[in-house]
1. Can you confirm whether segment 57-68 contains a residue that is assigned to a loop (DSSP other than H, G, I, E, B), closer than 24 Å to residue 148 by Cβ and at pLDDT 95 or above?
2. For segment 540-564, which positions are out of contact with any strand residue (DSSP E or B) (no Cβ under 6 Å at 6 or more places or on another chain) and open to solvent by less than 10 Å² (accessible area, probe 1.4 Å)?
3. Which residue out of 477, 500 is under 20 Å from residue 413 (Cβ atoms) and within 22 Å of the chain's Cα centre (by Cα)?
4. If you check 621, 653, which single one turns out to be open to solvent by 10 Å² or more (accessible area, probe 1.4 Å), within 23 Å of residue 295 (Cα to Cα) and in contact with a strand residue (DSSP E or B) (Cβ under 8 Å, 6 or more places away or on another chain)?
5. Are any of the residues in segment 502-519 in contact with a Pro (Cβ under 9 Å, 6 or more places away or on another chain), closer than 30 Å to residue 429 by Cα and at pLDDT 95 or above?
6. Going through 399, 375 one at a time, which residue ends up being in a loop (DSSP other than H, G, I, E, B) and not β-branched (Val, Ile, Thr)?
7. Which residues, counting only those in segment 520-539, are surrounded by fewer than 23 Cβ atoms within 10 Å (Cβ to Cβ) and either outside any helix (DSSP H, G or I) or among the β-branched types (Val, Ile, Thr) (or both)?
8. Can you tell me which residue in segment 54-72 is surrounded by the most Cβ atoms within 10 Å (Cβ to Cβ), limited to those that are under 15 Å from residue 92 (Cβ atoms) and touching a residue at least 60 places away in the same chain (Cβ under 8 Å)?
Amino acid sequence: MSSELPASLVANPWISTWLTVADDGAITLRVGKVELGQGILTALTQIAAHELDVPPEAVRTAATNTSSSPDEGLTAGSLSIMSSGAAVRRVCAETRELFRCAAAHRSGLDTAQIRLVSGAFVAPDGARIGSYADLSGVVDLHVRVGDAALQVEFAPATSKDLARIDLPDKVLGRPRFIHDLDFDGMLHGRVVRPPGPGAHLEEVALEEVSTMPGVDRVVCDGDFLAVVARREGQATRAADALAAAASWSAGVELPDTDDLQSWLRTAETETRRIRNDGARYDDASVVVAATFSRPFLAHASIGPSCAIAHFDNGRLEVWSHSQGVFTLGRAIAAALELSPEAVVVQHVEGPGSYGHNAADDVAMDAALLATAIPGRHVRVQWSRGDEFAWEPFGPAMVGDVTASADGNGTITDLSYELWTNGHTARPGYAPRHSLLADAHRAGVALLPAAVDPPAERGHGSARNAEPYYDIARVDVTVHRLLTMPIRTSSLRSLGSHLNTFALESVMDELARAAGRDPLQMRLDHLSDPRARAVLRTAAAAADWGAPLPDGHGRGIAFCRYKNRGSYCAVVADVEATDRLHVTRLTIAVDVGRVVNANGVRNQIEGGAIQATSWALFEQVRFDRHSITSTDWETYPIARFSDVPALEVHLLDRADEPPLGAGEATQGPATAAIGNALANALGVRVNTLPFTREHIVAAINAVP
């Protein structure tokens, strides 16, 4: 076992923080990563049960609570198995050995003589010494990991999958989500938002609304306007009346939706050189240059965001489905001028978002209203329109790529220049006003500009902007906008989505110009054998090179997420008729050691379906004053009939560290679809999504 501790254990070194063994043998595991539909609690339970050699049902993995769970930061970046999984494995292995030592002491035997068999410690002759329950009273888990100087080895890897522990409740409709929570005397809040970003409240008639049936309180604080009522329907009707009674100033002007690229290129920016080798193209045999772009994207969670808060005696409790309950708690405390210890956030499952949707903002709404009505639980649920209009979007992006190859088809130079808003605006990224209600209370016209994670966390805008291929000279420049009239933050895969689409499209164009097969072109520029393996596996499974009917196309793409995470290759089959249909996605993925194969497949398939939806349909629409795509008609997503056939091949590397699966497919699936479309039409479409409008525009642009 390596002596190097996972980062989560460096920050939370006490075993007792992570694990409790009760006198009846019940084992409670506490982690700082939250369940958002990715199955992480199942995987962590499986890791714990395997290391402790107990049945999985003996381990209860508690939902994260900021007062009792280890602070592991955000559940983001495909890092949960890599960080939390490694921590749980180490904690449980050391716990197992502490109990083994206790069994040895009780029996008078040497520790090496004690065997563990299905949760029971036994002597060499098979005599039972005791179980975890029997020994719990003499084992002190309030010790630091590594301090006991134990001889610890990890349990051998196993291929047995634990069934998802969260699914039975969801399938059978039992209360599990935050929307199902109920408390005696709970009140319901609704917030009335401005008509658009930067609009300020000028006047509002509160009297008529405050006397409506069931209304308990009308709250007006700066530009924050809300109503609290006894029942949800009463709150909704009162909010509608309050909206009609309010007048607002004109807000800030939004970009021209038909000229979004120009706005991105001309706004004030912070410029960073990610790599600067001095790429040059003056003597190249083949040069390809193209511009690629994507629109703003919504998280489009099927369920709207929801939160509950309770304030009493200076202590604030918040129930939230945030992916970052610890940073949320600290941000709420700062906004309400409470001590961080006075705010406790309990995670409850809600609509998944794979990024920063409105979960944090609705929690701030509930907290603010709860402090106005001490002693009562206040529940706030956003409307569908609020969700689409006010959540932080995945940023719009535009990038220019130029690349060249010599006469042998070897890529020699590549330059990539990118313009985008930052990719994180989670609570705490700015000292104040990172939460919507806090900004509205203060009358702030625009929230602070989104920033990017640092390079050691895989970048944000620049994620996968540097090609993983072996290329002699590469230049990468990123311009992060310092203004954000349209709010942006983290969305699954961050900048990797567009960056992979752009670079993999250019790889195909270089192959075409050099007369090379796109698969072979990639293999010729990859020295990493694991990268080559996923490409070969996907291509073989998809029958790469086989002839296709007219109007059909096949494309391939590859990405190693963050250039140090999971490996993924995708082959897309499409049919281009009256519109683009993605008929099949064949995926090969290497996520290192696989903890739960079904869980990995769930992640890869779900990511591929979401990427298909992004590629075919999704784009935030707006006029010069407000977001206009505020329902499922104006912001369409893929329907069941649009889901392609999916085939996932896992390359299990049992001797390698796990790499994470949640964001492996966004970039390569989109790029493979784009390459398949170009293969079908003979025309490349560089603007996402691949709508009829963008396809026709690309065809008409051909000389």
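The values are calculated or read from the model by the stated rules, or taken from the named source; none is laboratory data. Just so it is clear, the model here is predicted, and its values are computed rather than measured. Note that we place each Cβ from the backbone using ideal geometry, even for glycine, and neighbour counts take in every protein chain shown. Note: accessible area is taken over every heavy atom of the protein model, side chains too, but ligands, DNA and RNA are not part of it. Shrake-Rupley method; radii C 1.70, N 1.55, O 1.52, S 1.80 Å.
1. Filtering segment 57-68 down to residues assigned to a loop (DSSP other than H, G, I, E, B) leaves 63-64, 66-68.
Going one step further and asking which of them are closer than 24 Å to residue 148 by Cβ, we end up with 68.
Of the ones still in play, those that are also at pLDDT 95 or above are 68.
Scanning segment 57-68 turns up at least one residue that is assigned to a loop (DSSP other than H, G, I, E, B), closer than 24 Å to residue 148 by Cβ and at pLDDT 95 or above.
2. Selection gives 561 alone.
3. Of 477, 500, the one residue that is under 20 Å from residue 413 (Cβ atoms) and within 22 Å of the chain's Cα centre (by Cα) is 500.
4. Just a single option satisfies the conditions, and that option is 621.
5. For segment 502-519, residues in contact with a Pro (Cβ under 9 Å, 6 or more places away or on another chain), closer than 30 Å to residue 429 by Cα and at pLDDT 95 or above: present.
6. One residue alone meets the criteria, 375.
7. 524, 525, 526, 527, 528, 537
8. 61
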